[in-house]
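Worksheet for the structure shown next.
We did not get these values from a lab; they are worked out from the coordinates using the rules stated. The structure presented is a predicted model; accordingly, all values stated were derived computationally and were not measured. Note that each Cβ is placed from the backbone with ideal geometry, even for glycine, and that neighbours are counted across all protein chains shown.
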Amino acid sequence: MTQRTYSSTLGDRLARVIASLDSERLTLGQMLERVGSQGLLLLAALLTLVFLIPVSIPGVSTVFGAAILLIGVSRLLDRPLWLPGRLRDRDLPAERMRQMAARGMVWVHRIERVSRAHRLPSLAQGRAMDILNSLAFIFAAVLLMMPFGFIPFSNTLPGIALLFYAIGMIQRDGVAILLGHLGTIVTLVYFSVLIGGGGYAVHSLWRHLAG
């Protein structure tokens, strides 16, 4: 089987899951059922899709970020995924979720065009690298959950990093995982600028008021 077929199949699997989502009522538990035995990383890739456009759905980053984080924890500990009942059964905006996930598929196709299985295997294979990559995956999920959802690209950047991680770990593609690390670094720089700029603005306003 060629890599092109493998990548196309991965995209097709995600597209089929999106098409199967209920348009009236949707929960994380239902999404997990749709993915089924196809794997938690596929679910993680699916959950990132709604963040890959610079528009956010209020509250979703916390719910999906927590689910992605728990997927990372399950991989880190090599245990089945556990979702709290309140997280698993929380109602989500079904139709809007379907639309945004479908729009986010463009990023899956972009990454598929550059991803190749088993490149730089030293970054993708072995228990030590699995632990390191799972920790990086968890950290990116934490960044996704940061309360900056109202700021453009604050969800998009960690979402792209997480999608690179998910596809890289699915295909054992060290280059995709490396790009995930790069995406995490870019996110950290972006958040640092936001926090630093906000702190400077508050300090300047305080000085102005005090003066």
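Based on the mean of other beta carbon atoms within 10 Å per residue, what is the order of 45-53, 157-165, 63-71, 130-138, most packed first?
Numbers: 45-53: 25.8, 157-165: 28.3, 63-71: 22.9, 130-138: 18.1.
Top to bottom by mean Cβ count within 10 Å: 157-165, 45-53, 63-71, 130-138.
Show me the three semi-axes of the equivalent ellipsoid for segment 17-140, from the C-alpha gyration tensor (sqrt of 5 times each eigenvalue), largest first, rounded to whole Å. Intermediate results must be reported in sequence, preceding the final value.
Values: eigenvalues 123, 67, 33 Å².
Equivalent ellipsoid semi-axes, largest first: 25, 18, 13 Å.
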Subject >> Inter-probe distance in nm under a simple model that places probes 7 Å from Cα toward Cβ, at residue 185 and residue 22 >> reply: 4.4
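Tell me, what is the FRET efficiency for residue 113 and residue 142 to the nearest 0.05, using R0 = 25 angstrom and their Cβ-Cβ distance as r? List each step's numbers first, then the result.
Working: r = 29 Å, r/R0 = 1.16.
Calculated value: 0.30.
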Original post:
Efficiency by 1/(1 + (r/R0)^6): what FRET value for residue 103 and residue 62, r their Cβ-Cβ distance, R0 = 25 Å, to the nearest 0.05?
Top reply: 0.75
**OP:** Any chance you could run the full-extension gain for residue 78 through residue 195? It's 0.36 nm times the residue separation minus the Cα-Cα distance, nm to one decimal.
**Re:** 38.6 nm
Subject >> Built amide H within the under 5 Å cut-off of residue 26, gap 5+ >> reply: 92, 94
Subject >> Convex hull volume of segment 75-192 per residue (C-alpha atoms, cubic angstrom) >> reply: 124
